[in-house]
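The values are calculated or read from the model by the stated rules, or taken from the named source; none is laboratory data. Since this is a predicted model, take the numbers as computed values, not measurements. In this analysis, Cβ positions are derived from the backbone assuming ideal geometry, glycine residues included, and neighbour counts consider all displayed protein chains. With ligands, DNA and RNA removed, areas are computed over all heavy atoms of the protein, side chains included. Shrake-Rupley method; radii C 1.70, N 1.55, O 1.52, S 1.80 Å.
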Amino acid sequence: MSVQYNPGLEGVTVARTEISHVDGKNGRLVYRGGHVIEEIATRSYEEIIHLLWFGSFPSSEELVAFRQQLAERRHLNEGALAALHGLPRGVNPMDGLRTVLSAQGAQPGVGRPSIEDAISITAVVPTIVAACFRRAQGQPLVDPRADLGHAENLLYMLTSQEPETARASWLQSYLVLIAEHALNPSTFTARIVGSAGSDLWSAVVAAIGTLKGPSHGGATPAAAEMIEAARQAPSISTFVRARLERGERLMGFGHREYRRYDPRAAILRDLCKSANPEFYETAVALEETALNELLRRHPDRPNFTNVDYFAGGVLAGVGIPADYFTCFFAAGRVAGWTAHVLEYVGQDGRIVSPASEWAGPALSPVE
Ligand SMILES: CC(C)(COP(=O)(O)OP(=O)(O)OC[C@H]1O[C@@H](n2cnc3c(N)ncnc32)[C@H](O)[C@@H]1OP(=O)(O)O)[C@@H](O)C(=O)NCCC(=O)NCCS
């Protein structure tokens with residue numbers, strides 16, 4: 001079989017999925033069952049997880065039971081608490097999340113990926129994020145509350161205060177928008193781990209490692225940092241051009257799939273206007289210049305605003321510090337990661353094992 005070298009796997013199809021579809025040409029994101037993201041953006045995060053895992057929205061009775069199931073699994077076990085308290089001060093929050101989640105999953109009897117594991121992992125990720133944050137602040141941990149929804153409880157564990165309705169609603173919208181996005185690098189990572197017959201905890205831990213990268217989930221804080229630097233610059237157009245001339249990317253722009261405005265970015269842009277007007281003002285001014293400049297430089301391969309651009313403004317408006325933005329991305333995307341692994345192992349489950357091209361010294365002919 002001849003093998004074509006394709007380092008970024010662009011245009012290579014490695015999965016068949018019913019979980020979501022990115023129609024990059026038309027700027028559409030479709031979740032299970034054909035629901036476009038604009039149509040479901042105001043649903044609760046629990047409803048979206050249910051859709052992604054089970055293929056349908058829950059009835060109102062099912063939703064009550066499902067919320068309860070998630071709420072019961074929010075507590076850290078002894079292994080996770082020990083791992084948390086063993087973390088060095090100043091550790092990157094994503095490293096903290098990865099480590100503590102791995103410890104929580106180090107239990108006897110963990111086996112093939114199951115919906116039970118998906119519920120346990122998705123329920124506990126917010127607790128770990130909040131615990132890492134509280135510990136880094138030198139504050140006592142806050143026990144989860146079973147009477148609060150997923151997003152509200154996350155904010156409660158972070159601050160120990162009942163969250164304001166508006167903030168909880170912005171966070172919930174963010175989690176919904178970020179919950180799933182077809183075969184991005186971290187989801188692909190999770191599917192590969194699952195394809196090797198490993199467990200769901202390992203798949204999610206590996207996906208967190210991939211998400212941390214600045215070309216993926218790490219772009220949210222990087223975009224917010226860039227917008228803040230632009231706010232302080234004397235001229236936005238000089239700022240943009242200088243950055244591109246130094247060979248630096250404009251964070252929050254460009255996407256492997258979308259050749260139109262990312263539909264999630266359009267919703268986040270609107271949310272940002274209310275959640276963080278100061279950020280919004282600079283971000284909109286910078287966006288216009290950046291889009292013009294990117295289009296001028298790459299007219300045949302246009303790069304538009306992606307999900308990370310306004311996400312930092314919304315999260316900061318919720319009250320999340322920038323070094324935790326990627327952890328919040330993980331807290332949303334865990335639904336998609338787990339859905340994909342469950343789908344993959346339920347299909348033919350063939351191990352993902354691509355080829356490589358030999359680039360070492362010429363081999364001597366075989367006799
Ligand atoms: C997401 C990303 C990694 C996609 O990479 P990709 O598929 O290789 O990008 P493309 O093939 O569309 O790039 C086409 C051209 O536009 C340039 N380009 C793409 N995104 C750019 C950006 N954000 N800033 C400046 N130039 C960019 C590339 O350098 C490339 O130029 P070249 O042909 O001269 O090398 C890339 O757009 C990027 O690094 N964006 C910034 C980080 C970010 O926001 N990531 C979050 C993604 S959701």
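If the condition is being closer than 23 Å to G138 by Cβ, open to solvent by 60 Å² or more (accessible area, probe 1.4 Å) and assigned to a helix (DSSP H, G or I), then segment 67-86 contributes E78, L81, A82, H85. Evaluate segment 267-279: report whether one residue or more is open to solvent by less than 10 Å² (accessible area, probe 1.4 Å), hydrophobic (A, V, I, L, M, F, W, C) and modelled with pLDDT of 95 or more. Within segment 267-279, one or more residues are open to solvent by less than 10 Å² (accessible area, probe 1.4 Å), hydrophobic (A, V, I, L, M, F, W, C) and modelled with pLDDT of 95 or more.
Only one entry of N77, N92 meets the criterion of being in contact (Cβ under 8 Å) with a residue 60 or more places away in the chain and not hydrophobic (A, V, I, L, M, F, W, C), and that entry is N92.
Only one entry in N303, N292 is within 15 Å of the ligand (Cβ to nearest atom) and in a helix (DSSP H, G or I), namely N292.
Scanning segment 207-232 for residues that are in contact with a Phe, Trp or Tyr (Cβ under 7 Å, 6 or more places away or on another chain), away from the ligand (no atom under 13 Å from the Cβ) and either of a type outside the set (A, V, I, L, M, F, W, C) or more than 18 Å from A285 (Cα to Cα) (or both) yields one hit, A207. Listed by first and then second residue, the pairs linking a residue in segment 58-72 that is more than 18 Å from V124 (Cα to Cα) to a residue that is outside any helix (DSSP H, G or I) and open to solvent by less than 60 Å² (accessible area, probe 1.4 Å), with Cβ atoms under 9 Å apart and 6 or more places separating them unless they lie on different chains, are L63/S44; L63/F57; V64/P58. On the basis of being more than 15 Å from R74 (Cβ to Cβ) and open to solvent by less than 20 Å² (accessible area, probe 1.4 Å), does S186 make the cut? Taking the combined requirement at face value, the residue satisfies it.
Within segment 233-244, residues that are farther than 17 Å from A283 by Cβ have Cβ atoms under 9 Å from residues that are of a type in the set (D, E) and assigned to a helix (DSSP H, G or I) in these pairs: R241/E293; L244/E293, counting only partners at least 6 apart in sequence or on another chain.
Being under 23 Å from I178 (Cβ atoms) and touching an Asp or Glu at 6+ places or on another chain (Cβ under 6 Å): is that true of F133 here?
Working: under 23 Å from I178 (Cβ atoms): yes; touching an Asp or Glu at 6+ places or on another chain (Cβ under 6 Å): no.
Judged against the criteria, F133 is not a match.
Evaluating R249 against the criteria (1) basic (K, R); (2) near the ligand (Cβ under 10 Å from one of its atoms); (3) in contact with a Ser or Thr (Cβ under 6 Å, 6 or more places away or on another chain) leaves one unmet condition, (3). Would you say V91 is at pLDDT 95 or above and either at positive phi or outside any helix (DSSP H, G or I) (or both)? The answer is yes for V91.
The numbered conditions (1) in contact with a Gly (Cβ under 9 Å, 6 or more places away or on another chain); (2) within 13 Å of the ligand (Cβ to nearest atom); (3) open to solvent by less than 20 Å² (accessible area, probe 1.4 Å) are all true for R259 except (3).
Between E46, E39, which is assigned to a helix (DSSP H, G or I) and over 23 Å from L211 (Cβ atoms)? Break it down into steps so the answer makes sense when it comes.
Values: E46 fails: over 23 Å from L211 (Cβ atoms).
Going through E46, E39 in turn, the sole match is E39.
For segment 215-239, the set of residues classified as in a loop (DSSP other than H, G, I, E, B) and open to solvent by 20 Å² or more (accessible area, probe 1.4 Å) consists of S215, H216, A233, P234, S235, listed by residue number.
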